[in-house]
Every structure is written in C-alpha cells, then in structure tokens.
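**Q** Submitted below is the structure of interest, expressed as structure tokens.
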Amino acid sequence: MEKILYPLEWLVAWLMYLWHGLLTTVGLPEGAGSAWVLSIVGLTVTIRVILIPLFVRQIHASRGMQLVQPEIKAIQAKYKNKKDQASREAMSRETMAAYKKHGTNPFASCMPLLLQAPIFFALFRVLNNLKAISEGKHDPIGPISQLVAHDVEQSRLFGAALSDSFVRSTETNVKIVVVILILAMATTQFLTQRQLTMKNMPPSALEGPMAQTQKLMMYGMPVIMAISGVNFPVGVLIYWTVTNLWSSGQQFYTIRRIPTPGSEAERRRNERQSAKAAAKGIVLDSQTPKVIERPTGQREQPKRKNRQKPKR
C-alpha cells in the first residue's frame, strides 16, 4: 500500500509546495503561517480542475440514471413473479440494454469520488508524517524536507496545526476547531448530495430502490464522514470541506443551466426564461421551444373581398 501511494504522496507534496511558493510570491509570509494552510485549498482546486471532465461525465451519468428508472421499474414489474433462470437472464439483458440506451451505469456517478480517494489517503499520509519528517525520523517526501516539514507543522488554523486531529490532540482549543471542521465537512457533504437529489431529479426517479439508495447516500455519507472525521488531520478536513464546496458550486451551475428533463430545476429554469422573455414582449410556448412574438403595432384588419354580383 505504501509503495502504491508514494507517487501520489510525492504529487500532493509538490502541489502544496508550489502553491505555497505562489502564495508567498503574492505577499503572504514565508515559513510557518497561513500560506501553508491556503496551499491545501490550492491543492484542492488543482485536483478539482483536473477532474472537471469526469464531473461532466458524472452529471450525464446521474441524469441517465434518473431517466432510466421508469424503464427499470417496468422491467422489474415484468419479471416480478418469474424466478426461473431464463427469466432472470432476460431481465438482466433488458436492464443492461436500458442502461446502454441512456449511456449510464450504476457506478458511473461514483467515479469522481472513487478517483479522489487515493488523493485523500495520500494527503492524509503526508500530513500524518509531518512531525516525523521534521524530527528526522521519516524520509522527506518530494520537496518536503525536514526544514519545510517543520514550517508546515508549525502552521496553525485558529491554533490547530495541520497535522492535529481530534483523537491525537489533548488541547481543548484544538478539539473545538476540529469539531467545527468536522461539522463543516459533514454539512457540506449533505447539502451537496441533497442539491443533486432533490432539485435535479424528476418525480419518477424519487421512487423505488434507486431513490432509496440516493437517500441513504444523502443521509448516510455525512454521518460516516463525521464519525471518521475524528481521525482526520486538520489539513484533510480542510481539503474535504473545500472539495464539497467546489462540488456544490459546480452542481449549482450545471443544474441551473442544464437541468434534468422533468425535474424541479427544469421547472424553475423555464419560469426564469419565461419571465425574461415576457419582459422583452416575447411569449414562450411551454410545450415547445418555439418563440411567439407579440404584435407591437395595430393588428392589420382583414381586407374584404369584392363579391361578384350574380348575373341575372
């Protein structure tokens, strides 16, 4: 495991070091201080920018999962009381065909989270080893030498070091800071998932097993993260909170601009578009994307055709 994570630890160390250099260049103090705290924010932004293409795929995959639910429910109802092998195989084929038609699968929406996990563990290990590196008990990681590790270790966020955690610290002030960060991490995790689930799903996707799974993730993941958070260093809590805020901002922009058909977000977008169009004297047809312009002048009266007098 250590050999697998070392290249990522090296990458994380270099990204933090480069962001620290950039921040000190623009005026923040060198050595121990806020530049090292903000370097973790910079690391988070860098990772999330790299993952933007995967985020776009996640949005499309999530939308496909929402739209495919009525078909999946119909397939399940079709084979509800059929337990033979042939029926199970047929149900599996039809289910996979439905997923393929909508260009999605049950695991595609989890891909960005899964890809972030190694970065998360690499950052955890870098921060966890800062004290040992500063004391010369651990080999340097990339540019984080003994002197640099000492500066990072001495950097504080409201009195808490980046390597401090709830279970490892004995200081009340540090524990309070860590608890606040844990609550911030869990809350942003919940709000991000709720935004995706409640605002960007059509009513048909809010029922059935898939909806139950979504609700379980919405309520369960923050609880799991909060319980696990007592072991996370302060730097990791900062990373996870910032990445949740980034995800929420990305989702807000995407849901507002390109909502799922039939969702609450689409209804609100249509209302905004109708209001803007009405202000310009344009009426939008709610059923079709046609634009119907209101007449601005006096309506032209139909001309009366001269009737021919009947011949006598």
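The values are calculated or read from the model by the stated rules, or taken from the named source; none is laboratory data. This structure is a prediction, so every number in the text was calculated from the model and none was measured. We place every Cβ from the backbone using ideal geometry, glycine too, and count neighbours over all the protein chains shown.
**Q** Identify the residue in the range 148-168 that is without any contact (Cβ under 8 Å) to a residue 60 or more places away in the chain and closer than 18 Å to W240 by Cβ and, among all such residues, is surrounded by the most Cβ atoms within 10 Å (Cβ to Cβ).
**A** Applying the filter and picking the extreme gives R168.
Residues checked against (1) modelled with pLDDT of 75 or more; (2) out of contact with any Phe, Trp or Tyr (no Cβ under 8 Å at 6 or more places or on another chain); (3) among the aliphatic types (A, V, I, L, M); (4) in the same structural domain as Y253 (by TED's automatic domain parsing):
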{"site": "L38", "(1), (2), (3), (4)": "yes, no, yes, yes"}
{"site": "A74", "(1), (2), (3), (4)": "yes, yes, yes, yes"}
{"site": "Y79", "(1), (2), (3), (4)": "yes, yes, no, yes"}
{"site": "P118", "(1), (2), (3), (4)": "yes, yes, no, yes"}
{"site": "A132", "(1), (2), (3), (4)": "yes, yes, yes, yes"}
{"site": "E135", "(1), (2), (3), (4)": "yes, yes, no, yes"}
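**Q** What is the one condition in (1) at pLDDT 80 or above; (2) outside any helix (DSSP H, G or I) that P261 does not satisfy?
**A** All conditions are met except number (1).
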